[in-house]
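Asks: I am attaching a structure below and will ask some questions about it afterwards.
The values are calculated or read from the model by the stated rules, or taken from the named source; none is laboratory data. Given the structure is predicted, the values throughout are model-derived calculations rather than measurements. Cβ placement follows ideal geometry from the backbone for every residue including glycine, while neighbour counts extend to all protein chains displayed. Calculation scope for accessible area: heavy atoms of the full protein, side chains included, ligands and nucleic acids excluded. Shrake-Rupley method; radii C 1.70, N 1.55, O 1.52, S 1.80 Å.
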Amino acid sequence: MEKFKNYINGQWVEPKSGKYFQNINPADLSDIVGEFPESGQDDVNDAVAAARDAFKFWKKVPAPKRGDLLRKAGDIFAARKDEIARIMTREMGKPVFETKGDIQEAIDTAYYAASETRRLFGFNAPSELVDKMNMSFRTPIGVVGVITAFNFPIAVPSWKILPAIAAGNTVVYKPSKDVPHAGVMFAEVMEEAGFPAGVFNVVLGKGYMGNMIVEHPDVKVIGFTGSTGIGVKLGEICGRLNKRISLEMGGKNPQIVMPDANMELALDGVLWGAFGTTGQRCTATSRLILHKDIYDEFINMLADKATKLILGNGLDPKTQVGPVIHEAQLNTCIEYTEIGLKEGARLVCGGKRATQGDLAKGYFFEPTIFADVTRDMRLFQEEIFGPILSVTKADSFEHAIELANDIEFGLSSSIYTKNVNYAFQAMNLIEAGITYINAPTIGAEAHMPFGGVKGTGNGHREGGWTVFDIFTEWKTVYVDFSDKLQRAQIDNY
Ligand code: UN1
């Protein structure tokens, strides 16, 4: 069986502990992907030390030169797209067409970050004094710790790693324990692109390592994507240590459908939004809010389509929905089905582990729809991160918006309507970082701000130009060329 290593200071190294863990294919539990380092504090220390040393010169490399390497990384991701996609599918289950999309997001991010290295615009502003110039520009911060979830093994880390490096920081990356092979592939690409030793480091291991990275005194900024529970705890630590952390956490994203909508489009949207990536996206559609006039009809049509979705190993081109990531997630789906039934929601389809034929080999769960879900139910309020959709009836547009907002999360949202007034009102009224009009809740693009309000985040936005607010500090400079002491606020008034 293949044994993998950490990537620290430009070298492939074994964990100091000598310990390894096995990672299995969730579509076929007999298929062991490989053995991966179960790293510890010593390995984190080595990676951070390498990144700290590399920062000394990397911050001085002209940004457009850093961009040249980022562009190269994008080229390599593109050249190795098929190969890496298959590795990701084997490791975490989503179909190859989705893992290819995942890598495409990293390619887009690499090219976008590279282009931004020729901008990274600052500001000039007039001085209130004569012969004095004021300017403000971005500076890198230092070692960035990146901690991410399993569901987008290349895309989501790329959103943080590539802009952080573009801005002149260096990175220590810990992938989720469920996708260490993708972490290794990320490092291979960065190595092949020619980033100098220490600029990018990967330490593999389990969840406990997140704290080691966050608490390390030489790690200055953290980019985190994962559960609300863990994110909030890491945020508390960063509060105590006075460190910046960008948190991308849970979602419970609504899709509203109004009676005037294109129904086929709305059906395709919710199928993709709810069951794409087996519902394991922070942007997944987990609440469908239907206007009362179309409620019964829409549910029937949706159930018909949902039961026809083809489950299977993501390496099979026919597969539309892969497995869930591990046994604990499968149990969560089973548990929430029981909770839904107990709370009095109506199970329309699914609700069981899928075990026909080869599905018995993996962690498959049937696409599940609960109707008559009300706002007080846990099914309505809690993130499940699996293929379980709740459907709620709305009496009016205003009621639909109220239901959409009656939630502690605020990442993504969507409305299907042909009424321009509803569409524009929804843009303003829905409490979420992202709102789609006539499109599903999933499908963020790399060059636009990504993140959520309320319990989903802590005010930061990844993606687009806003990601640089996470990974840079502003420096303000005053240049006085008057050759005399000019006292601001005093000599000029
Ligand atoms: C996530 O689930 O963490 O918009 C990110 C989307 C994808 C990214 C999802 N582009 O669904």
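Asks: Only one of Val146, Val184 is modelled with pLDDT of 95 or more, farther than 26 Å from Gln320 by Cα and within 16 Å of the ligand (Cβ to nearest atom); which?
Replies: Every option except Val146 fails the conditions.
Asks: Got a sec? Which of Ser390, Ser413, Ser396 is touching a residue at least 40 places away in the same chain (Cβ under 8 Å) and within 16 Å of the ligand (Cβ to nearest atom)?
Replies: Ser413
Asks: Could we say that Gly229 is more than 16 Å from the ligand (Cβ to nearest atom) and open to solvent by 10 Å² or more (accessible area, probe 1.4 Å) here?
Replies: Judged against the criteria, Gly229 is not a match.
Asks: Separate question: Tally up the residues in region 76-89 that are in contact (Cβ under 8 Å) with a residue 60 or more places away in the chain and buried (at least 16 other Cβ atoms within 10 Å of the Cβ), please.
Replies: Matching residues across region 76-89 total 7.
Asks: Continuing with this model, one more query. Checking the condition within 16 Å of the ligand (Cβ to nearest atom) and in contact (Cβ under 8 Å) with a residue 12 or more places away in the chain, which residue from Pro196, Pro259, Pro254 passes?
Replies: Residue meeting the stated conditions: Pro254.
Asks: Let me ask another. Of the residues that sit in region 262-299 and are over 19 Å from Asp102 (Cα atoms) and hydroxyl-bearing (Ser, Thr, Tyr), which one is nearest to the ligand (Cβ to nearest atom)?
Replies: Only one residue tops the list, namely Ser286.
Asks: Then there's this: Need the failing condition index for Tyr208 against (1) modelled with pLDDT of 95 or more; (2) surrounded by fewer than 24 Cβ atoms within 10 Å (Cβ to Cβ); (3) more than 16 Å from the ligand (Cβ to nearest atom), just the number.
Replies: That leaves (1) as the condition not met.
Asks: Moving on. Being away from the ligand (no atom under 12 Å from the Cβ), of a type in the set (A, V, I, L, M) and over 13 Å from Asn253 (Cα atoms) is the filter here, so list the residues in region 437-456 that pass it.
Replies: Residue satisfying the conditions is Ile437 alone.
Asks: Would you check if there is a residue in region 447-463 being assigned to a loop (DSSP other than H, G, I, E, B), modelled with pLDDT under 95 and either loosely packed, with under 14 Cβ neighbours inside 10 Å or in contact with a Phe, Trp or Tyr (Cβ under 9 Å, 6 or more places away or on another chain) (or both)?
Replies: yes
Asks: If you don't mind, there's one more thing I want to ask. Does region 387-422 hold any residues that are open to solvent by 10 Å² or more (accessible area, probe 1.4 Å) and more than 14 Å from His291 (Cβ to Cβ), and which are they?
Replies: Asn405, Asp406, Ile407, Glu408, Phe409, Val420, Asn421
Asks: Follow-up. List the pairs whose first member sits in region 1-15 and is more than 22 Å from Ala193 (Cα to Cα) and assigned by TED's automatic domain parsing to the domain that holds Ala182, whose second member is open to solvent by less than 70 Å² (accessible area, probe 1.4 Å) and part of a loop (DSSP other than H, G, I, E, B), and whose Cβ atoms are under 6 Å apart, counting only residues at least 6 apart or on separate chains?
Replies: That search, which allows pairs on different chains as well, returns Pro15/Ser39.
Asks: Which residue, of Val61, Val33, is under 27 Å from Met1 (Cα atoms) and modelled with pLDDT of 95 or more?
Replies: Val33
Asks: Also, I was wondering about something else. Working carefully through the options Pro140, Pro163, find the one that is open to solvent by 30 Å² or more (accessible area, probe 1.4 Å), under 19 Å from Val61 (Cβ atoms), touching a residue at least 60 places away in the same chain (Cβ under 8 Å) and not charged (D, E, K, R).
Replies: One residue alone meets the criteria, Pro140.
Asks: Another question, if that's okay. Name, by its number, the condition in (1) part of a helix (DSSP H, G or I); (2) among the charged types (D, E, K, R); (3) open to solvent by 60 Å² or more (accessible area, probe 1.4 Å) that does not hold for Asp43.
Replies: So Asp43 meets the others, but not (3).
Asks: Can I ask one more? Just for strands (runs of 3 or more DSSP E) wholly inside region 52-168: which have at least 3 residues that are not assigned by TED's automatic domain parsing to the domain that holds Phe385 and not aliphatic (A, V, I, L, M)?
Replies: Because the criterion is at least 3 residues that are not assigned by TED's automatic domain parsing to the domain that holds Phe385 and not aliphatic (A, V, I, L, M), the strands (runs of 3 or more DSSP E) in region 52-168 that meet it are 123-126, 132-140.
Asks: Within region 465-485, restricting attention to residues that are surrounded by 14 or more Cβ atoms within 10 Å (Cβ to Cβ) and in contact (Cβ under 8 Å) with a residue 40 or more places away in the chain, which residue is nearest to the ligand (Cβ to nearest atom)?
Replies: Applying the filter and picking the extreme gives Val467.
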